[in-house]
Ligand SMILES: [Zn+2]
């Protein structure tokens, strides 16, 4: 075997086990495996999880918050600030910042990321092409799925339609979309569905990012998904407006989302920063209703979205920090709720991204993370060091922290 983990914890109910890895795959799982590894790692009871999955992130506009501030803190100004900055980004600049993000993701145990890479007639394909090149270069360290993302709209930004087609020809994995930032949300949805079907690709929407429940296009999107037989192939990020819907309508929409097999990515760091800016008291959390979605049978994920820019002027790229934020923000702190949160960074996200060989089981890809904590239930509470990060059977990052106490 290439690598064997000894005495690791996969779940809190079971006993410690060994995990053997060979040829980039999980070859065997069981107590006291007889095989020997070219490299052996003593788990000493630490938790082993499948790799974290960053299901919604913007690589090419991270780490630019100090170039131009978003003074109002609103989504509108964030989009304006970002649109003004983008044409100034050079290839070298984008590449350096994207590399910094990828490095931090890998160190924090992410083995996959869905990157929404944007383009428009003003900035061209500079950022998008850079992300495509990094996808190839980083393939043995982190799997990058690239969504072709028309941040400035399609119908209202002439020339973007042809760029969307070009982006798919260049090799985008997923068709991205943003109905709320276009002249007609429904026409935008129709347009991207046709493109996705032409290229046989999944869809990922920036959807209904508003504080209020008016002007939602999620119902249209869900019905369109069913009509086009695209169940299980559509994801939506944000969906904050659903949190403002009265419960009866909310629950109708949740039932529709379940029927359409639409996955929802909650992006709490961004959504709480930009949302509720007009509330002068009793400021709302402006988050998609994660608990109601989960209880309604919808596949829910947690993701980072942005790191240190006009949309989210903080963040480290550590998904466990996003999960720790979601515990109070989404009312997921109850002991029974907490157990449902880690899957929102792992198995639920794998389902949303359509990953077929993911998980802690024999024959699956050896994308795993050894955490410096002893109970699965403590993973999000401790935010432990990622002791060993393995991508396709190879160690790609290790962290060891040591505190010298003076007492
Ligand atoms: Zn986004």
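General observations
- When 295, 382, 204 are arranged by Cβ crowding within 10 Å, least crowded first, meaning fewest neighbours, the order is 295, 382, 204.
- Computed over the chain, the per-residue total of -39500 (n - 2.57) for DSSP H runs of n ≥ 4 gives a 222 nm mean residue ellipticity of -9500 deg cm²/dmol, rounded to 500.
- Ordering 225, 74, 240, 88 from the fewest to the most neighbouring beta carbons within 10 Å gives 88, 74, 225, 240.
- P(r) weight above 23 Å for region 52-353, C-alpha pairs, percent: 51
- Separation of region 2-37 and region 106-151, taken as the distance between their Cα centroids, equals 33 angstrom.
- Projected label points at residue 280 and residue 314, each 7 Å from Cα along the beta carbon direction, are separated by 2.6 nanometres.
- Counting every pair of alpha carbons in region 314-396, the share spaced more than 22 Å apart comes to 30 percent.
- Normalised by the number of residues in region 145-277, the average gap of Cα pairs under 8 Å and 6 or more apart makes the relative contact order 20 percent.
- Note on the chain: with a GNM built from Cα contacts shorter than 10 Å, the maximum mean-square fluctuation among 281, 193, 89 falls on 281.
- Helix axis angle, 126-137 relative to the chain longest principal axis, alpha carbon, degrees: 20
- For the pair residue 85 and residue 255 in one chain, pulling the backbone fully straight at 0.36 nm per residue adds 57.2 nm over the alpha carbon distance.
- Where both bridge residues fall in region 52-353, DSSP classifies roughly 5% of the beta bridges as antiparallel.
- Each Cα pair under 8 Å and six or more residues apart adds its sequence gap; the mean of these over the residue count of region 52-353 is a relative contact order of 20 percent.
- Choice from 32, 282, 70 showing the highest fluctuation, given a GNM over the chain with Cα pairs closer than 10 Å: 282
- Helix 247-260 vs. the chain, principal-axis angle (Cα, 0 to 90°, nearest 10): 70
- One Cα centroid belongs to region 207-257, the other to region 345-372; the line between them spans 27 Å.
- Cα-based helix-to-principal-axis angle, 218-227 vs the chain, degrees rounded to 10: 80
- Under a Gaussian network description of the chain, with springs only between Cα atoms under 10 Å, the residue in 250, 71, 285 that fluctuates furthest is 71.
- For region 213-351, diffusion coefficient by Stokes-Einstein and Kirkwood Rh (Cα), 4 °C, 1.567 mPa s, µm²/s: 84
Only the coordinates and a few stated rules stand behind these numbers; no lab work does. This one's a predicted model, so the numbers in the text were calculated from it and none came from an experiment. Counting neighbours? That spans all protein chains shown, and the Cβs are built from the backbone with ideal geometry, glycine included.
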